[in-house]
């Protein structure tokens, strides 16, 4: 990408601020006679060895966002760890990629990437999904694998941080940060769909909407696992049939505001990704909690 433009992500002519109250107004309600099937079914595909926590956090967040049923597809070694920590998740060990076929058929939304890794197993499940079931969300190492074999498709959401964005664009992270709007738009141009470029002033871009900027959030979110929570929250909202761009904006805002609430109550240092779940649930239920921008 051209890093010489050097435009600020705060350029008011190019960006529309995302507002918490507006995002909460978009969130779907659950009818009194709803059931787990009517609230959407998510599958989180990831969690290579030593990374069970990423898939677990994403699945947990999908439930907090309102999904009715969440499955996790992971390496067989992680099944017991995830199940024992979060028994609400339906966890399947994937030894052979063909085992994914029925899981994908039983799910409305596929989030590919939390804790996926870049091993032979990771590459196999990544290729299987691109061939048999387009992911709705690609995150983390799913993005790194996509950068190695670029494909353009509409209908998915890509969630890179600046380092992953740089790999997608074959440039340096500092080039991405020098012109975040251009980077997000170029990712959309090359790969299609929607791009959530994470970081200070997270951006949400696609080819049909004016980019949105999230001015909520703080340094408390700069800890391992928070990106997995964001991906799971987005998956849960998409499973409830939210329009993808609105779901992307809402997930980013709810996630960032949850970080602000947690920091205000407990301090900005030492937060864990799982600490986001209680304030995220409160925000998902429409509570008007004052947060700082």
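For a quick check: sort 266, 255 by the number of other beta carbons within 10 angstrom, fewest at the front.
Numbers: 266 12, 255 29.
Fewest-to-most ranking of 266, 255: 266, 255.
For region 1-149, a/c is not less than 1.5, where a ≥ b ≥ c are the root eigenvalues of the C-alpha gyration tensor, and a/b does not top b/c. That puts it in the oblate class.
Give the peptides 77-87, 221-231 in descending order of average Cβ contacts within 10 Å, highest first. List each step's numbers first, then the result.
Values: 77-87: 15.4, 221-231: 23.5.
Final packing ranking: 221-231, 77-87.
Measuring nothing but alpha carbons in region 143-293 and taking Rh as the Kirkwood radius, the Rg to Rh ratio lands at 0.96. Averaging the Cα positions of each part gives two centres, and for region 218-293 and region 29-65 these lie 15 Å apart.
Relative intensity of region 29-68 on a log10 scale, I(q)/I(0) at q = 0.17, 0.19, 0.21, 0.25 Å⁻¹, equals -0.50, -0.58, -0.66, -0.80, per a Debye sum over C-alpha point scatterers of equal strength in the absence of solvent.
In whole percent, what relative contact order does region 144-293 give with Cα contacts below 8 Å and a gap of six or more residues? Spell out each step's value before the answer.
Numbers: 222 pairs, mean separation 28.6, N = 150.
Once divided by the residue count of region 144-293, the mean separation gives 19 percent.
Structure remark: mean-square fluctuation, Gaussian network model of the chain, C-alpha springs under 10 Å; the largest value among 54, 140, 208 belongs to 208. Ranked by how many other Cβ atoms sit within 10 Å of their own Cβ, fewest first, the residues 172, 281, 71, 180 fall in the order 172, 281, 71, 180.
Looking at the square roots a ≥ b ≥ c of the eigenvalues of the Cα gyration tensor of region 61-116, which shape do they give, rounded for a/c under 1.5, prolate if a/b is larger than b/c, or oblate? Oblate shape, in that a/c is at least 1.5 and b/c is the bigger or equal ratio. From least to most packed, judged by other beta carbons within 10 angstrom and beginning with the fewest, 216, 287, 63 follow the order 287, 63, 216. The convex hull defined by the C-alpha atoms of region 186-225 has an orientation-averaged projected area of 3.4 nm². Mean separation of Cα pairs under 8 Å and 6 or more residues apart, divided by the residue count, gives the chain a relative contact order of 23 percent. In the chain, helical runs assigned H by DSSP with n ≥ 4 each contribute -39500 (n - 2.57); averaged across all residues and rounded to the nearest 500, the mean residue ellipticity at 222 nm is -12500 deg cm²/dmol.
Rounded if a/c is under 1.5, else prolate if a/b beats b/c, else oblate: with a ≥ b ≥ c from the C-alpha gyration tensor eigenvalues square-rooted, which is region 16-284? Taking the square roots of the gyration eigenvalues as a ≥ b ≥ c, region 16-284 is rounded.
Every read-out reported here was derived from the displayed coordinates using simple, explicitly stated rules and does not represent laboratory data. None of these values were measured; they are calculated from a predicted model. Reconstructed Cβ throughout: ideal geometry from the backbone, glycine too, with neighbour counts over all protein chains shown.
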